[in-house]
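The values are calculated or read from the model by the stated rules, or taken from the named source; none is laboratory data. Values in this document were obtained by computation on a predicted structure and should not be read as measured data. For neighbour counting, all protein chains shown are included, and Cβ atoms are generated from backbone atoms with ideal geometry for every residue, glycine included.
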Amino acid sequence: MIITDPFVCEISDRLWRTKYQYKDGDTVYDQTIDDTWRRVARAAAVVEEDSDLWSRCFHRILMDFRFLPGGRILAGAGTGRRVTLFNCFVMNVIEDSIDGIFDALKEGAITMQQGGGVGYDFSTLRPAGTYARTVGNIASGPISFMRIWDKMCATILSTGARRGAMMATLRCDHPDIEQFIDAKQDKHELRHFNLSVLVSDAFMEAVQSDREWSLVFPADRLEDSAEGDETIDTVWSGSNASVACRVIKRVRARALWERLMRATYDYAEPGVLFLDRINSSNPLWYRERIAATNPCGEVPLPPYGACNLGSINLTRFVLHAFQKDACIDWTALIETTKTATRFLDNVIDISRYPLDAQRDQALRTRRIGLGITGLGNALAMLGLRYDSDGAREQAQRCVASICHTAYRTSIELAHVKGSFPSMDRDSHLGGAFVQSLPDDIRDGIADSGLRNSHLLAIAPTGSISLLANNISSGVEPIYDYAFTRRIVEPNGEYSLHPVDDFAWRLWCAEHGKSKPAAGFVTAREISPQAHLQMQAVLQPHVDQAISKTINVSESVAFSEFKELYQHAYELGLKGCTTYRPNPVTGEVLSLDEDNIHCCVIEREGD
């Protein structure tokens, strides 16, 4: 079979050569990207009884960019290198002691050195100013220790390791929450971290009612606690049971919310994670208490949790693009989803893991994160404006089809290969997300079990979407028709490349650079509410989460901006991230290295 060069963009070929082509010194193993696809397909098929058959099946969906595995898989599978194929990790609970803190730092360094992005919940660390009687000094608080993590990340990256990021979360009732909210207002602070506040339902109710809000910390971890201190019982980070927490301070809930909203408005951080919703909809609600996510937020994970990612490229399933009879090839989409689900399940078995505890967690739950990319382009090719009811209906139908197919495939795999070891079948069937699935899927789980505890996550796809000839990223709309992108060269420096949007290039090839078709609309032309509505219609079909940036113009009023987060909560989202150009982080595609925001397109996971 003759394979023609699939690259139509110079930058895509360049990206492949710098990030994914398998080379060892002067020896080049992947002469073409088809060699990369065959290498990855063979590696994923090695655990199958009929490895030749499945190697061909996997190669078929990799060809022509139909399925885009996470960048760690493309770069590492089949090379024999000591690297992980997983993009996403959440690290262990940080023990509040010098030994515990630096053990956690070491584990994070090992994980990042092997290519994984990491998330941490810093809520377990004592607030600044509290007394540590055993060593006779005053606790410096979580923000001070986050600075050490930030330096570690910079040092690891300086050794030539993959560019990465970290997620830090802190509870909305931690006594240092105000400092956490303000932490990145200095453009030089914590530049390798994304920050998200863990927001509870109780806090949102207090904001709505304009009540006082207690900032607390577990009393048994505060050495200056005394009998008679006011306490509140709550489930704290690192615990599955309610514990007595001492009230350190009280603030007005609405004032704290305003402070958070103002920081996000002015500096694009912190983001917000709706903690209770994440836990109540978690398919493993009966085994896990989640308090952190991977760096871009689409995979909430327990301590030592890991997830490997892959995205289905929706542009490859549009028939008769730009014509009146444009439609989705549903049969092809379903068949690709079946094979992609099996592919990602196999990656769990072939991957290396930086830490034994991460391997154990991955093998017990067999989480995968199958998502989509190219949505903005696919909608334009179908003649549907991203912000229209028709676009939301079509996007929802695509994601629902992928969700249900992935679950049915996981049931079939469980029948042949066994369920994930941590499964309690009755409890799993009682979960809110599983309860929302069609009857035949729930009956199948009852009969055969489930191979994977989680199956869906929609990630940002900055690098792999650029590899696929600059399709629109993840669930985002078209960024612009033409713009400049940059890639990291092997020497660590950046090269700049003019690029055209994938769908716009197709349109121009047929019609010239005339007026765009009716379905074309760019991110700046879409209202923030329309961004939220797209995320909201997809979330019910995603058992993990969705990484989505709500683009907001610099001129939007603060009063309008802050309502977005309240609306996100009311719409049932698991979190919200906005991006408004500002003096610290600049534009979405800023060329200022010091000002790059961790979650914008230049820093998306690959």
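Details
- Filtered residue count, region 176-193, keeping only those that are surrounded by fewer than 24 Cβ atoms within 10 Å (Cβ to Cβ) and closer than 10 Å to residue 142 by Cα: 1
- Region 208-225 residues that are within 18 Å of residue 242 (Cβ to Cβ) and polar (S, T, N, Q), paired with ones that are modelled with pLDDT under 95 and not in a strand (DSSP E or B) (beta carbon under 7 Å, 6 or more apart): 225/219
- Residue 492 modelled with pLDDT under 95 and surrounded by 24 or more Cβ atoms within 10 Å (Cβ to Cβ): no
- Close pairs from region 37-54: first touching a residue at least 24 places away in the same chain (Cβ under 8 Å), partner hydroxyl-bearing (Ser, Thr, Tyr) and assigned to a helix (DSSP H, G or I), Cβ under 8 Å, at least 6 apart: 42/51; 42/55; 44/55; 45/51; 45/55
- Failed item, numbered, when residue 226 is tested on (1) hydrophobic (A, V, I, L, M, F, W, C); (2) under 24 Å from residue 544 (Cα atoms); (3) in a loop (DSSP other than H, G, I, E, B): (2)
- Failed item in (1) out of contact with any His (no Cβ under 7 Å at 6 or more places or on another chain); (2) surrounded by 15 or more Cβ atoms within 10 Å (Cβ to Cβ); (3) outside any loop (DSSP other than H, G, I, E, B); (4) touching a residue at least 60 places away in the same chain (Cβ under 8 Å), with residue 508 passing the rest: (4)
- One residue stands out among those in region 453-474 that are touching a Cys at 6+ places or on another chain (Cβ under 9 Å) and part of a loop (DSSP other than H, G, I, E, B): the one that is surrounded by the fewest Cβ atoms within 10 Å (Cβ to Cβ), which is 469.
- Elements of type helices (runs of 4 or more DSSP H) in region 258-373, at least 2 residues being in contact with a Leu (Cβ under 9 Å, 6 or more places away or on another chain), at pLDDT 95 or above and within 25 Å of residue 465 (Cα to Cα): 330-350
Condition check ((1) crowded, with 23+ Cβ neighbours inside 10 Å; (2) more than 24 Å from residue 424 (Cα to Cα); (3) charged (D, E, K, R)) across all residues:
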{"position": "223", "(1), (2), (3)": "no, yes, yes"}
{"position": "244", "(1), (2), (3)": "no, yes, no"}
{"position": "247", "(1), (2), (3)": "no, yes, no"}
{"position": "297", "(1), (2), (3)": "yes, yes, no"}
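- In region 1-30, the residue that is nearest to residue 499 (Cα to Cα) out of those that are surrounded by fewer than 12 Cβ atoms within 10 Å (Cβ to Cβ) and of a type outside the set (D, E, K, R) is 4.
- Restricting region 338-368 to residues that are within 19 Å of the chain's Cα centre (by Cα) and of a type in the set (D, E, K, R) leaves a set whose member that is surrounded by the most Cβ atoms within 10 Å (Cβ to Cβ) is 367.
Conditions (1) closer than 17 Å to residue 309 by Cβ; (2) buried (at least 18 other Cβ atoms within 10 Å of the Cβ), marked per residue:
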{"position": "32", "(1), (2)": "no, no"}
{"position": "36", "(1), (2)": "no, yes"}
{"position": "72", "(1), (2)": "yes, yes"}
{"position": "93", "(1), (2)": "no, yes"}
{"position": "97", "(1), (2)": "no, no"}
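- For region 384-404, a tally of residues being surrounded by fewer than 18 Cβ atoms within 10 Å (Cβ to Cβ), closer than 21 Å to residue 522 by Cα and not charged (D, E, K, R) returns 3.
- Residues (of a type in the set (A, V, I, L, M) and under 17 Å from residue 326 (Cα atoms)) located in region 382-434: 382, 384, 391, 395
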